[in-house]
Amino acid sequence: MRKKIIAGNWKMNKSFDECMALVSELSNMIKDEYHGSAEVVIIPPSLYINSVSRMLADFNNISSGAQNCSNHASGAYTGEISAAMIKSCGGKYIIIGHSERRQYFGETNDWLAKKIDAVLAENLNPIYCVGETLEERESNSHFDVLTKQVSEGLFHLNAEQMAAVVIAYEPVWAIGTGKTASTAQAQEVHAFIRNLVKEKYSNEVADNLTIQYGGSVKAENAVELFSAPDIDGALVGGAALQSRSFADIIKAMA
């Protein structure tokens, strides 16, 4: 049975005190209200990871993570943060290839493949983001885009390494726009991605792969999205910045 994962990507938001207050509120809500088996991942700005991890130490079903990392293990790379540093602060997951990193910082699939390797070298779990723009969707080239992103970013891995990867499908046209892919659209893409993995590896690897949906996920649409057979959770943006809204999304995953 594949793991269900609900992750909250805080992006570049919250002061330290606001971060600590939100984690406290959220963890208590999860403790009191959520009785499902999904893993919750809180992904704050990287300089807060150590404090968040310490606050979550007594929670078995809540982890912390990072929004990005370097493809280098160490060295003269001013401003960069390595996977080993994130691990030493208690982080378990690292987002790789978010569309904002691709768009604003020019990260290519080949570059992201190196970051995937860096994350796996530390026995951490990458959350590898893929997704098409509105233009690519409307031109009906989104499956070609997704195939390229998945194959170039991940298919150099062996089956054992692939088992540690989480994929997040985030249509770029739905991120922060208020637009959400319909459940049918999301399910179609999730099934397509799972089949790509099946063709490259095996039924077992594909069946055990966690594929999240991301893109204006809210409590109001989470139940329907999570009802789709190939949607295994969510990578949540704006709604993760409020304890009540994020807790309600988590509760939508039975």
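General remarks:
- Check on D232, farther than 23 Å from D110 by Cβ, surrounded by 23 or more Cβ atoms within 10 Å (Cβ to Cβ) and among the charged types (D, E, K, R): yes
- Checking L112, L120 one by one, the residue that is assigned to a helix (DSSP H, G or I) and out of contact with any Lys or Arg (no Cβ under 9 Å at 6 or more places or on another chain) is L120 and no other.
- Taking each residue of the stretch 102-117 that is among the acidic types (D, E) and looking for partners that are not in a helix (DSSP H, G or I) with beta-carbon atoms closer than 7 Å, six or more apart or interchain, yields E107/G97.
- Some residue of the stretch 176-195 being under 12 Å from L146 (Cα atoms) and in contact with a Ser or Thr (Cβ under 7 Å, 6 or more places away or on another chain): no
- Single residue of A191, A181, A174 found to be without any contact (Cβ under 8 Å) to a residue 40 or more places away in the chain, touching a Gly at 6+ places or on another chain (Cβ under 8 Å) and of a type in the set (A, V, I, L, M, F, W, C): A181
- Only one of the numbered conditions (1) modelled with pLDDT of 95 or more; (2) part of a loop (DSSP other than H, G, I, E, B) is not met by N140, and that is (1).
- When N50, N61, N68, N109 are checked against the criterion of being under 18 Å from I30 (Cβ atoms) and surrounded by 13 or more Cβ atoms within 10 Å (Cβ to Cβ), N61 stands alone in meeting it.
- One residue stands out among those in the stretch 194-226 that are in a strand (DSSP E or B) and among the hydroxyl-bearing types (S, T, Y): the one that is nearest to R244 (Cα to Cα), which is Y213.
- Count - residues of the stretch 191-244 that are over 20 Å from V40 (Cβ atoms), of a type outside the set (V, I, T) and touching a Phe, Trp or Tyr at 6+ places or on another chain (Cβ under 7 Å): 2
- Checking each residue in the stretch 123-137 for being outside any loop (DSSP other than H, G, I, E, B) and under 30 Å from G90 (Cβ atoms) picks out N125, P126, I127, Y128, C129, V130.
- Of the residues V40, V52, V130, the single one that is at pLDDT 95 or above and touching a Pro at 6+ places or on another chain (Cβ under 7 Å) is V52.
The values are calculated or read from the model by the stated rules, or taken from the named source; none is laboratory data. A quick note: this is a predicted structure, and the numbers were derived from the prediction, not measured. Every residue, glycine among them, receives a Cβ derived from its backbone with ideal geometry; neighbour counts consider all protein chains shown.
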